[in-house]
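Here's the structure, in structure tokens; my notes come after.
The values are calculated or read from the model by the stated rules, or taken from the named source; none is laboratory data. Computed from a predicted structure; not experimentally measured. Every residue, glycine among them, receives a Cβ derived from its backbone with ideal geometry; neighbour counts consider all protein chains shown. Heavy atoms of the whole protein, side chains included, go into the accessibility calculation; ligands, DNA and RNA do not. Shrake-Rupley method; radii C 1.70, N 1.55, O 1.52, S 1.80 Å.
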Amino acid sequence: MSSIGSPSPFFLAGKKAYQVERSLRFNYADSPYLTRTPSSTGNQKVWTFSAWIKRTEIGSKDYIYSASDSNYFALYFKNDNLYTYFDPGNNYGVISDREFRDLGAWFHIVHQVDALNTTQRIWINGTEMSLNSSRNPSNSNFPMNKSGVALTIGKASWKSEYNNMYLAEVHFSDGNKYEPSDFAETDSETGQWIPKSPSITYGTNGFYLNFSDNSGTTATTLGKDSSGNGNNFTP
């Protein structure tokens, strides 16, 4: 079992009632990550991932989430750009020329994958990015949501490459497509993009991680799934 960085408070300005209480810090030196292996297969072509991220080092290679067996999937930072990796197809590489170099700011990312229609979409703080369409997934079953195949947060699932970042409010929906407005909204007074309590379907292997329990560093605390599906992660 790997060690995990310390939980950290995460407060967002604004007068909305919804309050994010905590984030989880991933410190590369601690070899940190979270992992969960589903016991049943869900949708291997369609899913949505949403999280709030703050990077703590520029120029690093940071895997946000990934899964692998004989094939691969990953969303990650490399050289301060976003990359994806979809195999079958061995399709990996940078998806946009946008750089993520602000170490002082939180940002919201939504990653929507629809391999049935060979598309992916990514939004940052509610604004959709223009993506390199040649990096889109093929109409294939990927190792996501597959029984016996671990989903990993905070490292590459197939090798020991760890992260330097904070994560908060992590949602994952198996088999459903959602957009930023399902997870966040603009504060009417401040104009700030802020989290809200979503009303979404998590599906067979979906989950919600809010890191609100800081009483320990075990699967029942840091890796606790709050979606109601009982899919706890192991740190």
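Quick notes on this one:
- Taking segment 142-159 as the range and being free of Cβ contacts under 8 Å to residues at least 60 places away in the same chain and either surrounded by 15 or more Cβ atoms within 10 Å (Cβ to Cβ) or of a type in the set (S, T, N, Q) (or both) as the test, no residue passes.
- Set side by side, the residues ARG121, ARG25, ARG101 differ, and just one is part of a loop (DSSP other than H, G, I, E, B) and charged (D, E, K, R), which is ARG101.
- THR201 vs. criteria open to solvent by 50 Å² or more (accessible area, probe 1.4 Å), of a type outside the set (Lys, Arg) and over 19 Å from TRP106 (Cβ atoms): yes
- Scan of segment 176-197 for residues that are assigned to a loop (DSSP other than H, G, I, E, B), touching a residue at least 40 places away in the same chain (Cβ under 8 Å) and open to solvent by 30 Å² or more (accessible area, probe 1.4 Å), ordered by number: ASN176, LYS177, TYR178, GLU179, GLU189, THR190, GLN192, LYS196, SER197
- Residue in segment 37-53 that is open to solvent by less than 30 Å² (accessible area, probe 1.4 Å), at pLDDT 95 or above and over 16 Å from PHE207 (Cα atoms) present: yes
- Per the conditions (1) open to solvent by less than 10 Å² (accessible area, probe 1.4 Å); (2) more than 17 Å from the chain's Cα centre (by Cα); (3) of a type outside the set (Val, Ile, Thr), the sole criterion not satisfied by LEU209 is (2).
- For segment 58-91, the set of residues classified as over 24 Å from PRO195 (Cβ atoms), in contact (Cβ under 8 Å) with a residue 60 or more places away in the chain and within 18 Å of the chain's Cα centre (by Cα) consists of SER60, LYS61, ALA67, SER68, TYR72, PHE73, ALA74, listed by residue number.
- Residue check: SER60 meets all listed conditions (1) surrounded by 17 or more Cβ atoms within 10 Å (Cβ to Cβ); (2) at pLDDT 95 or above but one, namely (2).
- Test for ALA74: is it open to solvent by less than 40 Å² (accessible area, probe 1.4 Å), small (Gly, Ala, Ser) and assigned to a strand (DSSP E or B): yes
- Only listed residue being among the small types (Gly, Ala, Ser), out of contact with any Pro (no Cβ under 7 Å at 6 or more places or on another chain) and in a loop (DSSP other than H, G, I, E, B), chosen from SER160, SER147: SER160
- Restricting ASN164, ASN125, ASN139, ASN81 to residues that are open to solvent by 10 Å² or more (accessible area, probe 1.4 Å) and on the phi > 0 side of the Ramachandran plot narrows the list to ASN125.
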